[in-house]
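The structure appears right after this line, and notes come after that.
Since every read-out is calculated from the coordinates, none of them should be taken as a lab result. Remember, it's a predicted structure, so these values are computed and weren't measured experimentally. With ideal geometry, Cβ positions are generated from the backbone for all residues, glycine too; neighbour counts draw on all protein chains shown.
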Amino acid sequence: MRRNEGLCLALVAESKDKTMQQTSLNVRHMPDECAASDQQTSGLAATLTLAAMSLGYGVVQLDVTIVNTALNAIGASLGGGVAELQWVVSAYTIAFAAFILTAGALGDRIGAKRIFMAGFAIFTAASVACAVAPDAATLIAARCVQGLAAAILVPNSLALLRHAYEDEKARGRAVGVWAAGASLALTAGPFVGGGLIALVGWRAIFLVNLPIGLAGLWLAWRFAGETTRHQQHRLDLPGQVAAIAALGTLAGALIEGGALGWGSPFVIAGFVLAAVFSVLFVWREARAPQPMLPLSLFRHPMFALTSLVGLLVNVAFYGLIFVLSLYFQQVNGLSAFATGLAFVPMLGAVLPANLIAPHVAERIGAPATIALGAALSAAGCLALLFIGPGTRYLAICLQLLAISGGLGLLVPPLTSALLGSAGQQHAGIAAGVLNATRQTGSVLGVALFGSMVSRSAAFIAGLHAALVISAGVLLAAAALIWIGAWSRARR
């Protein structure tokens, strides 16, 4: 019996010895396997971070255009004319544009992930407030909060993408996907909004943000990495107040100019105050120890050019989206759902254009790609000049494709070029500058073009003027970026 026990113990010992030897061999190979696993996890985390950032930017862009198809329904439900409807649209973009620079600085100071998640939570809550608004004033106030949260989301999503993708080419492709998702939401907004209004009512266009917000928050919390915090960055509150005042008074003067007349004392005072606050803003930023907008960034030619081009492009695009929505519903008598369908061709061009834009930029350069996209959109605007009451929809499809396709082509290289011209320390601020100028363009476009069509008797003439102005600013953007690149090449 003892001999059998001894034999069993010997066999167990031998088995343990072999197991230890095998484990030792396995341990020798573990570094390579763990490294591969880490690379896979890192790649997965980057991809899901991109998904979260795309949801954040996408919901911001969705709420820019989804409201357009609801304008008639909101006006009928809450009361108000064209000026009040302009405020429903512009309240969002004014807050967006005015706060975005501070939001970028906040991300640099306390971490882009923290501020991004806070922005997503605020945006989702404000969307619910919009959905239950009992009157126009409450809706406009909730839209302001939405815009503030949108300002937090956009620059910090770009900062987190830069953190997740260190390789320049990989980052360029990621920005292309990020922009494609936003463009998809932007162009799908009228269609989605029209469908929700037809099925449920206009309040549903804001409730759709709830599941998007929850999904984006979870993905960001679970997979996004935190950026380096620069505690030395301080908030420039005087500069922030001056920026809000300048943009708000300018937009107010443009919006009310169409209704009250351009000679109205209120309108003239608005323009004067906008000029005063703009001068105060520049004066403050030039002297502040840590300015909200470091004016030194504009010494880089590509940074200055891409910021200006972003403003010009958005004047044209968002102004046209606003007046075309009114044209389809008020002039041609389309329902909200039919108006949404009318914008579907734009979806067919902008998404593939976003996806191919990084590859085009790698071949011909970012400036040439931006100029090509702007010129294509300008051609689409000029080709729409025949539009009038009762114009057949099929006659304008190609023009809508050209306008949106050009926009889809220029946005990714525009964004990448600006980020590339700023250092990592100013990544949040740089992204904020681009989006601040673009949203300022949106405010100006809606306010200016809306004032042109505020009187129904002159709607078509105002629409034609808006198309001519859009083509002009887009061609100016193409010329500026092309000349700037040519000047740099000669140095």
message: Which three numbers, in whole Å and largest first, are the semi-axes of the equivalent ellipsoid of the chain derived from its Cα gyration tensor as √(5λ)?
response: 47, 26, 23
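Using the Cα atoms of segment 236-357 to build a convex hull, what is its mean projected area in square nanometres?
Working: hull surface 43.7 nm².
So the mean shadow area of the Cα hull is 10.9 nm².
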- request: Using the number of other C-beta atoms within 10 angstrom as an exposure proxy, rank ILE403, ILE140, ILE268 with the fewest first.
  value: ILE268, ILE140, ILE403
message: At 7 Å along Cα-to-Cβ for each site, give me the label-to-label distance between GLU166 and ILE460 in nm.
response: 6.2 nm
query: Modelled label-to-label distance, LEU385 and SER487, 7 Å Cα→beta-carbon offset: nm?
result: 2.9 nm
message: I need to check one value: relative contact order of the chain, counting alpha carbon pairs closer than 8 Å and at least 6 residues apart, in percent.
response: 23 percent
statement: Length gained, THR47-VAL200, 0.36 nm per residue minus C-alpha separation, equals 51.6 nm
- request: Report the net charge of residues surrounding CYS130, where surrounding means a beta-carbon distance below 13 angstrom and charges are Lys +1, Arg +1, Asp -1, Glu -1.
  value: 0
